[in-house]
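Just so it is clear, none of the values below were taken in a lab; they were calculated from the coordinates. Predicted, not measured: the structure shown is a model, and the values here were computed from it. Positions of Cβ are generated from backbone atoms using ideal geometry, with glycine treated the same way; all protein chains shown enter the neighbour counts.
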Amino acid sequence: MISVVCVKVVPKSEEIRVDPDTMMLIREGVRSEINPPDMNALEMALSAKDRYGGQVYIISMGPPAFVPFLQAGVAMGADHIYLLSDFTLAGADTLATTYTLSKGIRKLGDVDLVFCGEESSDGATGQVPSGLSEWLNFAGLTLTTETALDIESGLARGRREIGGGYQILEVPLPCVVSVKTACNEPRFMDYERKEWAFDRERVTIWDAEQIDADPDLTGVKGSPTVVSGLSQAPVRNRKKQFLEGSPAEIADQIAEIILQNS
Amino acid sequence: MPLSLYNADNADQSIWVYLERDRDGLAGISLELLAKGRQLADQAGWILGGILLGSQNSELCRAAIAHGADEIWSAEHVLLADFTIDAYSRVMFEMILKGMPGVLLFGATPDGRDLAGCLAVRLRTGLNADCTGLRIRPGSGELVCDVSGFGGGVLALIEMGLNRPQMATVRPGVFSKFPPDWNRAGKLIEFPVLLKEADIQTRIIEKVSAEGVDLTQASLIIAGGRGIEGDFETLRELADILEGEVGGTRPPVDDGYIERERQIGQTGVVCSPKIAICCGISGAFHFIVGVEKAEVVIAINSDPGAPIFEHADYCVVGDVRTILPLLKESLQSQLVEEI
């Protein structure tokens, strides 16, 4: 059984600042990390490997500088990294991203499962999993908190969390599974694996040609959406009145404000 | 540029809204999108259409017209009784190619997101997620979407050239619905559905619907951030006293202290309560977006320089662990006096 986990390396959200003049992101000095929801996807893939065996591959898009972050995933238990890295792939919106990932996954051959995080902490569109299913023509299980496989019949079952309730859905393999953020506890790196995991042998870098990507469908060129401008979000003016006094007096004032306004 | 299956030259001058249902009828997000769609359609002189898939649609069709739709594309079939991505995407894809709307809007709900993500690829068009503002450029019919950038309160204005339909998702609570006018007239288009069991590979084994919390409807929200260090119990006690709801910023949600559906902000819920009490929240822009529509904001934070104070009506510099228990006592005694 072959599982692929789509992993995005993102800037740490708490460290992001915006230049007030240019309104561009200040990237200098901002550390990166694996998109936290993708850690839950990786964990789900690794527990499936624990139960059913097989291989877990990490696939990602970005510059070679992302490799060390992805290697942490190998140290957790994944088997190999496939990094799609090419300047023509940069600037991709959802359509181009899902196309590019699907080409990379296709190149891996007979994949049974593709796991994705629910959304990314930077773009947060949450649209990659269903777009990927469509390009790959795989079934889809989205927003799952648990999955189980029936390998003999080629079926995957997942619990899809919606609103206050849930559904148990069953789809044929191969399928794309999106994993609900925080639904599991990602395991720590296995220090005994560390040396093996951080060996360059675990990494394969493919450019656009190697995944046979149509240049009209990747990167900026393959992205129908265009940023046509930036502006400051309107912010409502508030009273900004500081409450003074002892904690007990302040608590009384808050209580009064609440009761007057509700 | 990838070529969409149809484009600006042959698209219809119409805005379509994908309609979802809840226990009471049309879902709140659908009413909000109909209201926004109506406004855009009036400004552009376009038609507002609603798309309804299900096994019994007639009542909801009437409701959608009362809430602003000019025409309803209704697909009724026993295999559409429950949402499955296979059946819904197939029928909607056929509908879209028939009606060729210029703009197509979805709620950023579980089903809406799945459907939008899948259809955008099938149609080879663009999709803007979690838009906080929508405008149609007069003349060209281009949809300009406001999408909050990564922190800092920057709005990116995103559009998509000639690709059609111009697709966007919007989170619940971002736009306001308006009251129905049951005398409004509209057209019902019954769309023929050819579906077989074999077309649907998703099997629904079990379905448990429960009334999820809906923070968009809460009149009082008490929200916690990193600064409350996971102590949502105190917040819940206060919410119970005040008949409000508890919410959180993203970090405690990611850490599992509070359910994701209670996350407030750009990637969560935009709420519009009478009062929002923000406890131990620094005030990142992502969060502020979620309480912009609150009438009164009270903020408690130990850091006098916390950005949240720029966005609050009443500011308390102090330790939430001291203030909140005192607030509880004070509320209890004041409420007893009132009775």
Exercise for the section: Would you mind putting B:186-199, A:95-108 in packing order, based on average other-beta-carbon counts within 10 Å, highest first? Expected result: A:95-108, B:186-199
Problem - Charged-residue dipole, Cβ positions (Lys, Arg, Asp, Glu), chain B about Cα centre, Debye nearest 20 - result: 1140
Practice task
Enter the angle in degrees (range 0 to 90, nearest 10) between the Cα long axis of helix B:232-242 and the first principal axis of the Cα atoms of chain B, meaning the one along which they spread out most.
Solution key: 90
Exercise for the section: Give me the net charge of A:ALA213's neighbourhood, meaning all other residues with Cβ under 13 Å from the Cβ of A:ALA213; Lys, Arg count +1, Asp, Glu -1. Expected result: -2
Handout entry: Phi-based couplings in Hz for the range B:90-106 (Karplus 6.51, -1.76, 1.60; Gly and Pro marked x)
Key = 5, 5, 5, 4, 4, 4, 5, 5, 6, x, 6, x, x, 9, 9, 10, 10
Handout entry: Loop-located GluC sites (Glu not before Pro) in the range A:22-69, at most 11 other Cβ atoms within 10 Å (DSSP)
Key = A:GLU28
Exercise for the section: Could you tell me the distance between the Cα centroids of the range B:110-177 and the range A:129-169, to the nearest Å? Expected result: 26
Practice task
Please tell me the relative contact order of the range B:226-314 in percent, rounded to the nearest whole number, where contacts are Cα pairs under 8 Å and at least six residues apart.
Solution key: 23
Practice task
Could you compute the FRET efficiency for A:ALA65 and B:ASP319, with r as their C-beta to C-beta distance and R0 at 41 Å, rounded to 0.05?
Solution key: 0.50
Handout entry: Quotient of C-alpha Rg and 2.2 N^0.38 Å, computed over the protein assembly as shown
Key = 0.97
Completion exercise
Cα extents of the range A:11-135 per principal axis, largest first, Å, are 53, 29, 24
Completion exercise
To the nearest 0.05, the calculated FRET efficiency linking A:ARG51 and B:ARG203 through their beta-carbon distance, R0 being 25 Å, is 0.70
Practice task
Per residue of the range A:146-158, in order, report the coupling 6.51 cos²θ - 1.76 cosθ + 1.60 (Karplus, θ = phi - 60°) as ³J(HN,Hα) in whole Hz, putting x for Gly and Pro.
Solution key: 8, 9, 9, 10, 10, 5, 4, 8, x, 10, 10, 10, x
Practice task
Using the structure shown, select from A:LYS49/B:LYS207; B:LYS36/B:LYS98; A:LYS180/A:LYS240; A:LYS221/B:LYS98; A:LYS8/B:LYS177 the pairs with a Cα to Cα distance greater than 32 angstrom.
Solution key: A:LYS180/A:LYS240; A:LYS8/B:LYS177
Completion exercise
FRET efficiency for A:PHE87 and B:ASP42 from the Cβ-Cβ distance with R0 = 41 Å, rounded to 0.05, comes out at 0.35
Handout entry: Assigned charges on the beta-carbon of Lys, Arg, Asp, Glu; the range B:203-339 dipole about Cα centre (debye)
Key = 440
Problem - Per-residue HN-Hα couplings for the range A:199-208 [Karplus 6.51, -1.76, 1.60; θ = phi - 60°; Hz; x = Gly/Pro] - result: 6, 4, 4, 7, 10, 10, 10, 10, 9, 4
Practice task
Could you work out the per residue convex hull volume over the alpha carbons of the range B:94-218, in cubic angstrom?
Solution key: 205
Practice task
Considering Cα pairs under 8 angstrom that are at least six residues apart, work out the relative contact order of chain A and quote it in whole percent.
Solution key: 24
Exercise for the section: Restricting to chain B, compute how many DSSP beta bridges are antiparallel as a %, nearest 5. Expected result: 20
Problem - Gained length - A:ASN137 relative to A:GLU209, 0.36 nm times residue gap less alpha-carbon distance - result: 23.7 nm
Exercise for the section: Could you grab the relative contact order for chain B? Cα pairs under 8 Å, six or more apart, rounded to a whole percent. Expected result: 15
Problem - Computed helical MRE - 222 nm, chain B, DSSP H runs ≥ 4 contributing -39500 (n - 2.57), nearest 500 - result: -9000 deg cm²/dmol
Problem - 0 to 90° range, to nearest 10: angle between helix B:320-338 axis and chain B longest Cα axis - result: 90
Problem - Rounded tilt (10° steps) of B:110-123 against the dominant C-alpha axis of chain B - result: 40
Exercise for the section: Name the residues whose placed amide hydrogens come within less than 5 Å of the amide hydrogen of B:VAL17, ignoring near sequence neighbours (fewer than 5 apart) on the same chain. Expected result: B:GLY49, B:GLY50, B:ILE51, B:LEU105
Fill in the blank from the handout: Under the 7 Å Cα-to-Cβ spin-label approximation, B:LEU188 and B:GLU229 lie apart by a distance in nanometres of 6.1
Fill in the blank from the handout: Scoring only Lys, Arg, Asp and Glu (+1, +1, -1, -1) among other residues with Cβ under 15 Å from the Cβ of A:SER231 yields -3
Handout entry: Other-chain or far-sequence residues with amide H under 5 Å of B:LYS207's (modelled H)
Key = A:ILE168
Fill in the blank from the handout: Cβ-Cβ cut-off under 15 Å around A:PHE115, Lys and Arg +1, Asp and Glu -1: the net charge is 0
